[in-house]
Amino acid sequence: MKTTLVTGADGHLGKAVAQRLLAGGGRKLILSVRADGEEEKERKMLRLGKLASDARCRMVFADIGDSAPFDEIDAAEVSEIVHAAAATSFGVDRATAAIVNVAGTEKLLEFAGRCPGLQRVVYLSSLYATGLNSGVVKESPLEAEPAFANHYEWSKWNAERSVIKSKDLPWQIHRVATLLAENIDGVVIQQNAIHNTLRLLYYGLLSVIPGVPETRVYMTTTSHACEAICRLLEDGESGRVYHISDGGDAACTLGQLVDVVYDTFNDDPDFARLRILKPLFCDLESFNTLAEGAAQLGGAMAQALHSVAPFAPQLFNDKNVQVEATTAELNGLRNPDMKSLLEDVCRYLANTRWGLRKAAMENQS
């Protein structure tokens, strides 16, 4: 029986991957989770739910910011590694990104090198590790360091570089698109930058959007990402970069996204009553000037613009993401259609008011 180490197992994607691996059978799991103190350990165990109590799983509390985070794990028993631990906010500061995403990955790779029976180590990266490159984005390592919109992108590119340099390891890099929903039903469990932006649009807090309408936006679902990650872990090739995303020919453009969002939101009586206009597209310099001015005044508008700012430069760089090799490795498994799914996501978010109505109903029951 294989033993798979999953780092960041309490994170949204790490937990979902662990659940999918366990459901597939034939594996024991070591779940690496960061926790400061007993109280946080208990919270993390509650978050992991059945994973924490399953006899096939063993929890290890480790902080990849420590000097030797994996010393409690017997390297001889590990046959696979999925490295999902990361600081994932686009607004993460450079020091944190360097400690967690770059140095943390290097420590994981050092541990992997001590695992005599290691068959695979998967590094979960991001499509935006490719930085501000525009044009064709190949399913391969970048030849040169690009410019970056934020420290998160910079750290993921540097971590990828460390993985690629580990020539003796059976590595794979999975560049995952932004997670739009859990599955094709449009349910959202964990909200990220795109859901926060949709909330700002719903409440009329974004009168302008940085970017150009033709820029493609790449998204996927948690269920598709998990299926792809687990299939590639099992059957993919070592030394490969895979794109878990829609391809450039199927991706939704920023202009299409705004149109779908407002057409769907207008089905909601509360939104339609306010007659909120679609935001105008603006250049990056104008957006930055507006954000700086709003920051001095504070308030909801300042917070809204601040949340968009770390990712704004990406919205001027149209990427043509290639997925042909990944799709072939996955025997034709393709990303769901994001344009139609976006409608369901917008309805779900509006109906639940970004989870607030659902939480209120759960508290009353």
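Among Ala98, Ala62, Ala300, which one shows the biggest mean-square fluctuation in a GNM of the chain, springs joining Cα atoms closer than 10 Å?
The residue that fluctuates most here is Ala300.
At Asp263 and Asp168, where each label point lies 7 Å from the Cα along Cα→Cβ, what is the point-to-point distance in nanometres?
Taking the simple label geometry, Asp263 and Asp168 are separated by 5.6 nm.
Mind checking which lysines have their Cα closer than 24 Å to the Cα of Lys138? Skip sequence neighbours fewer than 8 apart in that chain.
In chain and number order, the partners are Lys156, Lys165, Lys167, Lys319, Lys339.
Restricting to Cα atoms and excluding each atom paired with itself, what does the Kirkwood estimate give for the stretch 154-204 in Å?
14.0 Å
Classify the stretch 241-365: rounded, prolate or oblate, from the alpha-carbon gyration tensor (a ≥ b ≥ c, eigenvalue square roots; a/c under 1.5 rounded; otherwise prolate if a/b is larger than b/c)?
Verdict is oblate for the stretch 241-365.
What does the charge count around Gly117 come to, taking other residues whose C-beta lies under 15 Å from its C-beta (Lys +1, Arg +1, Asp -1, Glu -1)?
+1
For the stretch 28-141, max minus min Cα coordinate along each principal axis, in Å, sorted largest first?
48, 34, 28
Could you look at the chain and say what percent of its accessible area is carbon and sulfur, using a 1.4 Å probe and all protein chains?
51 percent
Need one value: the accessible area of Asp36 in square angstrom, 1.4 angstrom probe, rounded to the nearest 10.
Surface accessible to solvent at Asp36 totals approximately 100 Å².
Using R₀ = 45 Å, calculate the FRET efficiency as 1/(1 + (r/R₀)^6) where r is the Cβ-Cβ separation of Arg56 and Ser286; round to 0.05.
Efficiency, from the Cβ-Cβ distance: 0.25.
Measure out, as a whole number of angstrom, how far apart the alpha-carbon centroids of the stretch 274-311 and the stretch 62-113 sit.
Spelled out, the Cα-based centre of one part sits 35 Å from the other.
Dimensions of the stretch 165-286 along principal axes (Cα, Å, largest first)?
Principal-axis extents of the Cα atoms in the stretch 165-286, largest first: 59, 35, 24 Å.
Tell me, what does the Kirkwood hydrodynamic radius of the stretch 115-191 come to in angstroms if you use every pair of distinct C-alpha atoms?
Result for the stretch 115-191, one decimal place: 14.2 Å.
Where only protein heavy atoms count, and the probe is 1.4 Å, what is the accessible area per residue for the stretch 30-72 in Å²?
Ligands and nucleic acids excluded, the figure is 61 Å² per residue.
Separation between the Ala328 and Arg161 pseudo-spin-labels, each 7 Å from Cα along Cα→Cβ, expressed in nm?
Between Ala328 and Arg161, the simple spin-label model gives 3.0 nm.
Tell me the angle of helix 12-24 to the major Cα principal axis of the chain, expressed in degrees between 0 and 90 and rounded to the nearest ten.
50 degrees
Which loop GluC sites (Glu not before Pro) in the stretch 239-345, with loop taken from DSSP, have no more than 10 other Cβ atoms within 10 angstrom of their Cβ?
Of the GluC sites (Glu not before Pro), not one in the loops of the stretch 239-345 has a Cβ with at most 10 other Cβ atoms within 10 Å.
Within the stretch 133-223, report the trypsin sites (Lys or Arg not before Pro) that DSSP leaves as loop and that have at most 13 other Cβ atoms within 10 Å.
Lys167
Quick one, what does Rg over Rh come out to for the chain if you take C-alpha atoms and the Kirkwood Rh?
0.97
Each label point is 7 Å from the Cα along the Cα-to-Cβ direction; what then is the distance between the points at Asp249 and Asp63, in nm?
4.9 nm
Accessible area per residue, 1.4 Å probe, Å², for the stretch 103-239: what's the number?
38 Å²
Across 5 Å bins from the origin, how do the percents of Cα pairs in the stretch 278-350 run, short distances first?
Values per bin, smallest distances first: 3, 12, 13, 14, 16, 15, 12, 7, 5, 3, 0.
Roughly how much of Ser162 is accessible, in Å² to the nearest 10, using a 1.4 Å probe?
Its accessible surface works out to 20 Å², give or take rounding.
The values are calculated or read from the model by the stated rules, or taken from the named source; none is laboratory data. Here the structure is a predicted model, which means the values were calculated and not measured. Here the Cβ is made from the backbone with ideal geometry for all residues, glycine too, and neighbour counts use every protein chain on show. With ligands, DNA and RNA removed, areas are computed over all heavy atoms of the protein, side chains included. Shrake-Rupley method; radii C 1.70, N 1.55, O 1.52, S 1.80 Å.
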